[in-house]
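To start, the structure itself, in structure tokens.
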Amino acid sequence: MLQLKAKLNFNKKVKGNYFHLAIQAPRITKQALPGQFLNIRVNDSCEPLLRRPFSIHRVSGSSLEILYEVVGKGTEILSQRKPGDYLDVVGPLGSGFNLIPNTYNSTPILAAGGMGVAPLVFLVEKLKESKPFLLIGAKTKSQILCEKEFKQLGCSVKIATDDGSRGFKGKVTELLEKILVAGRRSQVAGRKIKKLVACDLRPETIIYACGPRPMLKEISRISQEYRIPAQISLEEHMACGIGACLGCVVKTRQGFQRVCKEGPVFKADEIVWKDTRP
């Protein structure tokens, strides 16, 4: 973990309330892993008092990128920062994804809900040799993010929208389950099923997911029912970001653990979903 002043390379609006920034932070990029995050002080005053946590979106050389949504005072201030400004940054923080080997026998399925796409671009860059299968879920087509980036990295991308304005109509977890069912039928029949949800699953399938709590809870159920290992990145309110305040603990089979320290990535079957908070 490092604390440093990082120069802002760019900070631009993607669409709506979504922004994309990059900072010059070579010491952090050398250590960063997919699934980890940064804690950023959005300005030099005491208002707001607390830093804001952001998933590491992408690493390119000495540049580190973040994708974020303006949802409150802190992110609103951050959206107004200009290239050439310096941000007080702490990172990389937390435990990231445990990457499976890039082998022909593995099928990484990545599922993102809303802003859950943020840490998955960095993950895809590490898994691209396995040709990841990417599912993006959003309420409506205007909220779909990073589709172009995932396709450029060689992903097979499918979309799910709650209102049916783009792709599959329904939750991204419903699309995932249909894909798994279709994949099993294909394996039994010895052929591929040519449908919207078709996916050529290889023997060692693994799920990586990031998104809202209800989505991740359902991912956990699906992974256990289909006996497919899953890793999930939890979204929690964080105060300190370094494990000291105990404000982001969740209940796991090993007891209460800190999302900012032991997480944010956990094995899906470790989380006790009926009572995830103390």
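The numbers here are math on the coordinates, done by the rules we state, and not lab data. These numbers were taken from a predicted model, which means no experiment stands behind them. Please note: Cβ atoms are built from the backbone with ideal geometry, for glycine as well, and neighbour counts cover all protein chains shown.
Between A244 and E174, what is 0.36 nm times their sequence separation minus the Cα-Cα distance? Round to one decimal in nm.
Separation in residues times 0.36 nm, less the Cα-Cα distance, equals 21.5 nm.
Under a straight-distance cross-link criterion of Cα-Cα below 20 Å, which aspartates and glutamates are reachable from K128, leaving out those fewer than 8 residues away in the same chain?
Those aspartates and glutamates meeting the cut-off are E65, E147, E149, D200, E204.
Compute the whole-percent fraction of alpha carbon pairs in the stretch 2-93 spaced more than 20 Å apart.
Tail of P(r) above 20 Å: 26 percent of Cα pairs.
For the pair K5 and V181, what calculated FRET efficiency results from E = 1/(1 + (r/R0)^6), where r is the Cβ-Cβ distance and R0 = 45 Å, to the nearest 0.05?
0.30
Among the listed pairs K15/K171; K30/K251; K13/K141; K148/K169; K12/K158, which are separated by more than 29 Å between their Cα atoms?
Exceeds cut-off: K30/K251.
Ignoring the sites themselves, what is the longest stretch of the chain with no trypsin sites (Lys or Arg not before Pro) in a DSSP loop and at most 12 other beta-carbon atoms within 10 Å?
Excluding the exposed sites themselves, the longest stretch runs over 31-190.
Check the straight Cα-Cα distances from K73 and name the aspartates and glutamates below 16 Å, setting aside those fewer than 8 residues away within the same chain.
Result set, ordered by chain and number: D44, E47.
Return a whole-number percent for the relative contact order of the stretch 2-93, with Cα pairs under 8 Å and 6 or more residues apart as the contact set.
Dividing the mean separation by the residue count of the stretch 2-93 yields 42 percent.
Of the listed values (1) 16.6; (2) 17.5; (3) 14.4, grab the one calculated as mean projected area of the Cα convex hull in nm² from the structure here.
Here the calculated entry is (3).
What relative contact order, as a whole-number percentage, does the chain give when Cα pairs under 8 Å and 6 or more residues apart are counted?
16 percent
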